[in-house]
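Nothing in this text is a laboratory measurement; each read-out follows from the coordinates by a stated rule. Bear in mind the structure is a predicted one, so any value in this text is a computation, not a measurement. Heads up, the Cβs are rebuilt from the backbone with ideal geometry, glycines too, and the neighbour counts pull from every protein chain shown.
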Amino acid sequence: MNRSAADVIVVGGGIAGISAALRLAEQGVRVLLLETRRKLGGRATSFQDVRTGLTIDNCQHVALGCCTNYVDLCRRMGVDHKVQWHESIWWIEAGGRTSVMRPGILPAPGHFSGSFLSARFLTTGEKLAIARAMLRILRQDRTAPEIGTLTFEQWLGQTSQPAGAISKFWAPVIISACNLMPDRVSASSALHVIQEGFLATRRSALMGVSSVPLVELYDPAEATIQAAGGRIRLGVSVNRITETSVTTSDGEELGAERIISALPAERLVKYVDPEIGERDARIRAAASVRHSPILGVHLTFDRSVMSTPNAVLVDRQTQWLFRKDRDGRQVHAVISAADDWLALDEEDIATKVLRDIHACIPGSRHARLLTARAVKEKRATFAPTPEFEGVRPGITGESGIVLAGDWVRTGWPATMEGAARSGYMAAGAVLGVEPESMLVPSLSPGAFVRLLGAPGLRDQHRRPVIVGMAGSQAELKRFGMAEKTPA
Ligand SMILES: Cc1cc2nc3c(=O)[nH]c(=O)nc-3n(C[C@H](O)[C@H](O)[C@H](O)COP(=O)(O)OP(=O)(O)OC[C@H]3O[C@@H](n4cnc5c(N)ncnc54)[C@H](O)[C@@H]3O)c2cc1C
């Protein structure tokens, strides 16, 4: 055995593993990152399509303005300029009637009031009900024990929402943010996203999308980690993990003082030493993880079909469209919580998606579909149900293994922000500092949010940063968070 292959071995080179390894290397720790694939980035990357030879993204990945730690990671990797920020979201109904949601002149939490009031896809009664619920969300302590056992649908039930408000507004927002239906997703996850992503500040809901294939965002991580003194081995599969060593699939045993697992839950359960599995409750929790699928469909048309950078298709099964080229011929459709679609073949999927596009963008009926490539991710994300949130494991626990990954306890549903946070906190645990001190604070809530908001929401930004970077406001300014491609 190579007893001191490194001070710290990080297993898994997705966003969580990259974040942990980079922060440790920056602190002068001898870190070794092991990744089974030939590329870093994990689920948030691209792949070579064997059929066409083209590099295509797993699926559209969207960050929000409130994702301060993911934004910080991009900056550390030097790829921040490759993320484009949009402030408008287009909601398109069957027949083509379009409403735009964008922050107006009012301060948070009222910044969406103008476009919300003028949105045409909601009736006056639905708007009043949504506004009532938003006010309650603002004041709701999402960590309160009575919230822990509720689904978001049960929580919403307390606010008497009409069916149209749920199907046209709450469902698309929550399904795309948490990748789970409102009747399954924990109220705490849904409230977290709405409070942090929509209500806290004017910039929280800015949508960040990569202007390059996802793989180009994470390729530079290799050089960045190495420049900071860390080492990376790609194409190395770990199949046994103990508290101080890992064994690779070709039998090499590597020792270290600390091991960070940044593997998906089911992989950790498979590879962790059974003796650790018995005494560490976090491994039992990992075994209880259930997954939720996402379907991404890459479409190419013979002419332009889409004039806006993004679109929510109101009350359709195809939830989002993203324009992938300047002239709107390449369109990416996303269906989250896609359980009902998994049994369909590519042709049926394309037909269904096309039906939704034709319904909402009538002009697209004249366009010919040239190619359709459906990418099904059965285990796209963990399912943030109330049951799982109740046992969601922390980064440290009964054994010495430190856990990172979007599924460990960060408060966030399965997101790039959750993964980055978990990696930063795992690095903190290894460094012996308060793990949360590694985090970049959330955006400072506006004065009215501080006045009206629930404790968890209004105090977010006050967290100290000991080892982390400077304040989030300064960091985010560097991102030029302004709409880059107005319709
Ligand atoms: C289709 C889809 C759409 C999504 N859309 C969004 C979105 O719009 N916005 C958003 O914020 N999030 C989105 N997500 C979620 C986001 O991709 C994840 O939350 C995030 O990438 C998880 O990062 P991670 O590092 O925790 O895990 P992973 O990315 O799963 O990383 C784990 C790594 O471990 C490696 N590994 C596995 N086994 C071994 C082994 N035995 N030895 C060594 N290495 C191993 C894997 O190859 C992988 O690189 C989406 C996910 C999917 C699948």
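Here are a few things to note about the model shown:
- Secondary structure note: in the chain, about 70% of the DSSP beta bridges are antiparallel.
- As a calculated quantity, the FRET efficiency between T124 and V433 at R0 = 51 Å, using C-beta atoms, amounts to about 0.45.
- Considering only alpha-carbon pairs that sit under 8 angstrom and 6 or more positions apart, the relative contact order computed for region 382-434 is 30 percent.
- When the Cα positions of S88, G453, T52 are compared along the charge dipole of the chain, S88 comes out farthest toward the positive end, with charges on each C-beta of Lys, Arg, Asp and Glu.
- Fully extended contour minus Cα-Cα distance, from S4 to A281, at 0.36 nm per residue: 96.9 nm
- Gyration tensor (alpha-carbon) shape descriptor, the chain, a/c threshold 1.5: prolate
- Other residues whose C-beta falls under 9 angstrom from the C-beta of P293 contribute a net charge of +1, scoring Lys and Arg +1 and Asp and Glu -1.
- Helix 215-227 vs. the chain, principal-axis angle (Cα, 0 to 90°, nearest 10): 30
- Between 0 and 90 degrees, the angle of helix 346-360 with respect to the longest Cα principal axis of the chain falls at about 40 degrees.
- For region 103-205, the relative contact order is 35 percent, taking Cα pairs closer than 8 Å that sit 6 or more residues apart in sequence and dividing their mean separation by the residue count.
- One chain, two ends: T149 and L234. Fully extended at 0.36 nm per residue, the span grows by 26.5 nm beyond their Cα-Cα distance.
- Sequence-distant aspartates and glutamates (8 or more away, or on other chains) whose Cα lies within less than 13 Å of K352: D340
- Tilt relative to the chain, helix 15-26 - C-alpha long axis, 0 to 90 degrees, to 10: 50
- Given R0 = 41 Å, the distance between the Cβ atoms of D302 and E387 translates into a calculated FRET efficiency of 0.30.
- Cβ-placed point charges (K, R +1; D, E -1), dipole of the chain about Cα centre in debye, nearest 20: 1260
- Shape call, region 291-382: gyration tensor on alpha carbons, a/c limit 1.5: prolate
- Relative contact order (%) - criterion: Cα under 8 Å, at least six apart; region: the chain: 25
- DSSP loop GluC sites (Glu not before Pro) with at most 15 other Cβ within 10 Å: longest gap in the chain: 1-251
- Computed E for I105/S167 - FRET, C-beta separation, R0 51 angstrom, nearest 0.05: 0.95
- Cα-based shape type of region 102-215, given that a ≥ b ≥ c are square roots of the gyration tensor eigenvalues and the cut on a/c is 1.5: rounded
- Positive-end residue of F322, A359, L344, charge dipole of region 291-382 with Cβ unit charges: F322
- In nm, spacing of pseudo-spin labels at Q158 and Q48 (7 Å Cα→C-beta vector): 5.3
- Net dipole in debye of region 291-382 [+1 Lys, Arg Cβ; -1 Asp, Glu Cβ; about Cα centre; nearest 20]: 320
- Estimated purely from DSSP H runs of n ≥ 4, each contributing -39500 (n - 2.57), the mean residue ellipticity at 222 nm for the chain is -9000 deg cm²/dmol once divided by its residues.
- R326 versus E252: modelled label distance in nm, points set 7 Å from Cα along the beta carbon direction: 4.6
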